[in-house]
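This report concerns only the one structure given below.
The values are calculated or read from the model by the stated rules, or taken from the named source; none is laboratory data. Please read these numbers as outputs of a predicted model, since none were measured by experiment. Neighbour counts run over all protein chains shown; Cβ positions are idealised from the backbone, glycine included.
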Amino acid sequence: MSHEHEHHHHHDDDDDVQEHREHGAPLTDVELRVRALESLLVDKGLVDPAALDALIDTYETKVGPRNGARVVARAWLDPAYKRRLLEDGTAAVAEFGFMGRQSEKLVVVENTPQVHNVVVCTLCSCYPWAVLGLPPVWYKSAPYRARAVIDPRGVLEELGVSVPESREVRVWDSTAEIRYMVLPERPKGTEKLSEEELAALVTRDAMIGVAEVRR
Amino acid sequence: MNGAHDLGGMHGFGPVDIERDEPVFHSDWERKAFALTLAAGFLGKWNIDMSRYAREQMPPAEYLATSYYEHWAFGLEKLLHDHGLVTQDEVEARLRGRAQPLKPVPGARILAAHDVEKALRTSRTSKADEDVAPRYKVRDRVVTRNVHPLGHTRLPRYARGKRGEIVLDHGVWVFPDTAGNGLGRKPQHCYTVRFTARELWGPDAPAPDAVHIDLWDDHLDPA
């Protein structure tokens, strides 16, 4: 390895640093700090390591945008469900068992020929976890948080969504604990598809409002 | 605080870069930063608004140069220090592989693995049960306060001193601008307020466009 590695050989932290050099790549400062915090919290009895695994597993394998896609497909097929969804999103997604963390109150906003909705959180990363899972990196990034409110049409254009001048672009800046999900427009030519087939077309980005659903 | 986290309306960050088939986490330390933050939150020593405020206090140049889970790791470490759960010395000792007796934290009620599912499903951080009268009703015209508090606030800079219209009343919620600063829950109505793009960004903004922002009674005056 490098000169830096040589240097560490003469350093009294050597053993610890060596121990952390896994797979040949040195761990970054944040990796080391997170490890230190984890080991301290576990040793102090403040976190249960099995609870950490369960939290990770929940959002890595159980809760994700497939939840929201099922809701959207149901709303496209069932007008009574759609009405309930737009009136009280929290209750309507709870019919599927979707509820909880970062979805204390859910408002579903419908894209129509008159309005295109886009969701952002300019101050942090608020996102409807129960229906979409954890937010992608771009949603939490400075470019999106900065531009979505001042130049939503520019962002949409870059991402392949062209909104006619006469159609309103309505941005929802999630500054409270109310979470927003977009009900995208159902694409033409999908009249014969089943609920499962429709759900398979619905993307995470369409439910944030930065994509359209395509056949 | 007028920090680097308050990004709405800034220029110069470049295009929005969507990663195809993005994994939920990009490395193991991200998984851990996420899970530790949630698990430590369930200790009940701080609220979600304090958690956000801790991340906002990362120095601005560092905030803009680091990733999201680095913000979370920074916030977690700060909260653990501020609440006396983990000391700076303990962290430094671990980083250097040095043995150090741990300061005990008596009486902590921790999140057990078998409670995770229920805890996530029933997590309710901010809705308030108090019966507080609303100051505004749907269709009322309001103007946001031109305030620049040093602490936590959910009124973004780009929306201060702007005129809007109440479009939804969400009922009574904890007020983050006090709760996040350790000054109590101060429950009050939270509304969605509609601002035209032209009110926020001037006459060159597209006429039909609008930004809807969730704000509380204490952010608003009658217009």
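Output the residues belonging to the range A:121-147 that are under 19 Å from B:TYR63 (Cβ atoms) and in contact with a Gly (Cβ under 8 Å, 6 or more places away or on another chain).
A:THR122, A:LEU123, A:PRO143, A:ARG145, A:ALA146, A:ARG147
Suppose the filter is crowded, with 19+ Cβ neighbours inside 10 Å, modelled with pLDDT of 95 or more and closer than 30 Å to A:TRP138 by Cβ; does B:LEU85 pass it?
no
Could you check, for the range B:2-22, whether at least one of its residues is aromatic (Phe, Trp, Tyr), at the interface with chain A (Cβ under 10 Å from one of its Cβ atoms) and either crowded, with 18+ Cβ neighbours inside 10 Å or touching a residue at least 60 places away in the same chain (Cβ under 8 Å) (or both)?
No, every residue in the range B:2-22 fails to be aromatic (Phe, Trp, Tyr), at the interface with chain A (Cβ under 10 Å from one of its Cβ atoms) and either crowded, with 18+ Cβ neighbours inside 10 Å or touching a residue at least 60 places away in the same chain (Cβ under 8 Å) (or both).
Hey, among B:LYS137, B:LYS118, which residue is basic (Lys, Arg) and farther than 20 Å from A:GLU104 by Cβ?
Exactly one residue qualifies, and that residue is B:LYS137.
Select from the range A:72-86 the residues that are touching a residue at least 40 places away in the same chain (Cβ under 8 Å) and under 16 Å from A:GLU196 (Cα atoms) and write down the one among them that is farthest from the chain's Cα centre (by Cα).
A:LEU77
Helices (runs of 4 or more DSSP H) wholly in the range A:88-199 with at least 3 residues that are touching a helix residue (DSSP H, G or I) at 6+ places or on another chain (Cβ under 8 Å), closer than 27 Å to B:THR125 by Cα and at the interface with another protein chain (Cβ under 8 Å from one of its Cβ atoms) - which ones?
In the range A:88-199, A:137-140, A:142-150 are the helices (runs of 4 or more DSSP H) which contain 3 or more residues that are touching a helix residue (DSSP H, G or I) at 6+ places or on another chain (Cβ under 8 Å), closer than 27 Å to B:THR125 by Cα and at the interface with another protein chain (Cβ under 8 Å from one of its Cβ atoms).
Do we have any residue at all in the range B:84-105 that's at the interface with chain A (Cβ under 7 Å from one of its Cβ atoms), closer than 18 Å to A:ASP29 by Cβ, free of Cβ contacts under 8 Å to residues at least 24 places away in the same chain and of a type in the set (Gly, Ala, Ser)?
Looking for residues that are at the interface with chain A (Cβ under 7 Å from one of its Cβ atoms), closer than 18 Å to A:ASP29 by Cβ, free of Cβ contacts under 8 Å to residues at least 24 places away in the same chain and of a type in the set (Gly, Ala, Ser), one finds at least one in the range B:84-105, hence yes.
Do you know which residues across the range A:87-110 are within 13 Å of A:MET181 (Cβ to Cβ), of a type in the set (Gly, Ala, Ser) and within 17 Å of the chain's Cα centre (by Cα)?
Answer for the range A:87-110, where residues must be within 13 Å of A:MET181 (Cβ to Cβ), of a type in the set (Gly, Ala, Ser) and within 17 Å of the chain's Cα centre (by Cα): just A:SER103.
Do you know which residues across the range B:1-59 are of a type in the set (A, V, I, L, M), in contact with a Lys or Arg (Cβ under 9 Å, 6 or more places away or on another chain) and part of a loop (DSSP other than H, G, I, E, B)?
The answer is B:LEU7, B:MET10, B:VAL16, B:VAL24, B:LEU43, B:MET58.
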